[in-house]
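K.L.:
The structure is given below, and queries will be raised subsequently.
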Amino acid sequence: MEKLPGTRFSTPLSGSAKETQMRLEHIASGPRRRPPVIYIALVFAFCLLCGNLVSCQVKEEEAPDISSADISIPAPPAQNPDMEVREERETLEAVDLDGDGLADTVTVAARFDPLLFEEGEKAGAITVTANLGSGETLEWGWTGEDWYGIWSLEAARLTSPDRDALVLELTFPNSNYRAAEVRVLELDSGELTERFRTDFENIFCILGTYLASREGSPLSAVRVPTLVDKWHAPEWYTLSWNGTGWDMIGDGFFTDTETVVVAEGRELTVMLQGRRGDNGHFGHSLVYDYIQVFDGDDLLQTILPEDVPGDDRFPEQTFLAEGSPSVLVQDINFDGAEDFAVSCDMTRDQGYRWFRWNSGQGRFEYSFSLAGIPELVPQGQKIIEGCWTENWESTVYNIYSFNNRGWLILESTWDTLSEAQNACQEDGLP
């Protein structure tokens, strides 16, 4: 049998049976003499003291010191703003959809749920609610995968002089080109019905739709801008009702404008009317048919491509609207008035026709053609032009200056731009 270790609070028993019997008899017989009263009181007091110490220790364990403990409440997990539901609402009042003369109210609500989009579900929804003056409520809506925003809501007499139609312009907030969609809604047989919707397969609509009057007609038309490319103004289309269906007809041109500041801070507007070309000799798809210069509403001059002579480097008599920039505005001859240039060549040299402001005649006049975007050096009034060599193997840099008649004179040619810049600086030193 394993022997347990002794402690200071245990009484060991002898291995002798006789001694053990004597101990038991002694315990059973009790004390032969009662201890003094003072001794008993001291023992009792000691027991109470030990009890209090144990009780205090228990309390200290139950109520630990929290003066230095971290008792901050953890923050809830951050919400991803990209996953929040987007909602928009637009209201139009005093509309007469049914022609009864009572004011109707139309509300359009747009909603997009990113969680549904991630799951491949239809995440975008548009709801149109019409509260008629008669007390009837009509609804129309649809769902799709895209995120639609409400850009504008208008009403006009489009198909009938007696009642309004709704023109709803929607935007795609994620579009880099301000893509838009136009929908026309009307009351048909007591139901709110979609009568027209733009189609991206044929034209690419962008924001900016507005209502326009039709000459000689009580009906209105809808003017819809379409994307030509990211560098130019839109081509406008006109949506109108012909009595049995819709006509969506483009203007066939777009109009770019530039502001040019000439003498004494006078601001002129250079308007360039462009269109899709006939893919001629160089396959140009965008060209300007003419240029007009306005001082406010007053037309100062009109410039046609055939009015400008070609030269050896840029023989075509054409104004190109290809790429960017197709129009340059700079004070090319350092006289304090801005001049402008129009692209005339899209080969490597990228030629520009320069028109300088003639303050005496109060108009612009063609002066010369240069390759690319010139670098102007005010010190010495130099122009640096970068162009390709005749064999198209390398680039050279020409330095030009103006003589006392204002004609552009070629001074020198350098192999690198830095050499040309250094030459201009040395020539400009006193």
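K.L.:
T137: of a type in the set (S, T, Y) and free of Cβ contacts under 8 Å to residues at least 12 places away in the same chain, yes or no?
P.N.:
Here the answer is yes, as T137 does meet what is asked.
K.L.:
Test F204 against the stated conditions and say whether it is open to solvent by 60 Å² or more (accessible area, probe 1.4 Å) and in contact with a strand residue (DSSP E or B) (Cβ under 7 Å, 6 or more places away or on another chain).
P.N.:
yes
K.L.:
Among the strands (runs of 3 or more DSSP E) lying completely within the stretch 210-263, list those that include at least 2 residues that are surrounded by 18 or more Cβ atoms within 10 Å (Cβ to Cβ). It would help to see each step written out before you state the result.
P.N.:
Numbers: elements: 210-213, 220-226, 235-241, 246-261.
In the stretch 210-263, the matching strands (runs of 3 or more DSSP E) lie at 220-226, 235-241, 246-261.
K.L.:
Look through S134, S152 and report the one residue that is crowded, with 16+ Cβ neighbours inside 10 Å and polar (S, T, N, Q).
P.N.:
None of the other options fit; the residue is S152.
K.L.:
Okay, next question. What's the number of the only condition in (1) farther than 15 Å from L300 by Cα; (2) part of a strand (DSSP E or B) that L272 fails to meet?
P.N.:
All conditions pass for L272, except number (1).
K.L.:
Does the stretch 108-122 contain any residue that is closer than 30 Å to R163 by Cα, open to solvent by 40 Å² or more (accessible area, probe 1.4 Å) and in a strand (DSSP E or B)? Even if it seems obvious, please write down each step before you answer.
P.N.:
So the first thing to find is which residues in the stretch 108-122 are closer than 30 Å to R163 by Cα, and the list is 108-111.
If we keep only those that are open to solvent by 40 Å² or more (accessible area, probe 1.4 Å) too, we end up with 111.
Now drop any that are not in a strand (DSSP E or B), which leaves 111.
Checked the stretch 108-122: at least one residue is closer than 30 Å to R163 by Cα, open to solvent by 40 Å² or more (accessible area, probe 1.4 Å) and in a strand (DSSP E or B).
K.L.:
So, one more: Test E194 against the criterion of being closer than 28 Å to P218 by Cα and surrounded by 13 or more Cβ atoms within 10 Å (Cβ to Cβ), and give yes or no. Steps first, please.
P.N.:
Numbers: closer than 28 Å to P218 by Cα: yes; surrounded by 13 or more Cβ atoms within 10 Å (Cβ to Cβ): yes.
Taking the combined requirement at face value, the residue satisfies it.
K.L.:
For the stretch 317-425, give me every one of the strands (runs of 3 or more DSSP E) that falls completely inside it and has 1 or more residues that are in contact with a strand residue (DSSP E or B) (Cβ under 9 Å, 6 or more places away or on another chain), open to solvent by less than 30 Å² (accessible area, probe 1.4 Å) and in contact (Cβ under 8 Å) with a residue 24 or more places away in the chain.
P.N.:
327-330, 339-343, 351-358, 363-371, 375-377, 382-388, 395-402
K.L.:
Could you check, for the stretch 124-131, whether at least one of its residues is within 19 Å of A103 (Cβ to Cβ), of a type in the set (G, A, S) and open to solvent by less than 30 Å² (accessible area, probe 1.4 Å)?
P.N.:
The answer is yes; a qualifying residue exists.
K.L.:
Can you tell me which residue is farthest from D311 (Cα to Cα) among those in the stretch 344-355 that are at pLDDT 95 or above and touching a Phe, Trp or Tyr at 6+ places or on another chain (Cβ under 6 Å)?
P.N.:
F355
K.L.:
Could you grab me the full set of residues in the stretch 89-101 that are open to solvent by 80 Å² or more (accessible area, probe 1.4 Å) and over 33 Å from the mean Cα position of the chain (by Cα)?
P.N.:
Answer for the stretch 89-101, where residues must be open to solvent by 80 Å² or more (accessible area, probe 1.4 Å) and over 33 Å from the mean Cα position of the chain (by Cα): just A94.
The values are calculated or read from the model by the stated rules, or taken from the named source; none is laboratory data. Fair warning: this is a prediction, and the values are worked out from it, not measured in the lab. Cβ sites come from the backbone with ideal geometry, for glycine too, and all protein chains shown count toward neighbours. These area figures cover heavy atoms from the full protein model, side chains too; ligands, DNA and RNA do not enter into them. Shrake-Rupley method; radii C 1.70, N 1.55, O 1.52, S 1.80 Å.
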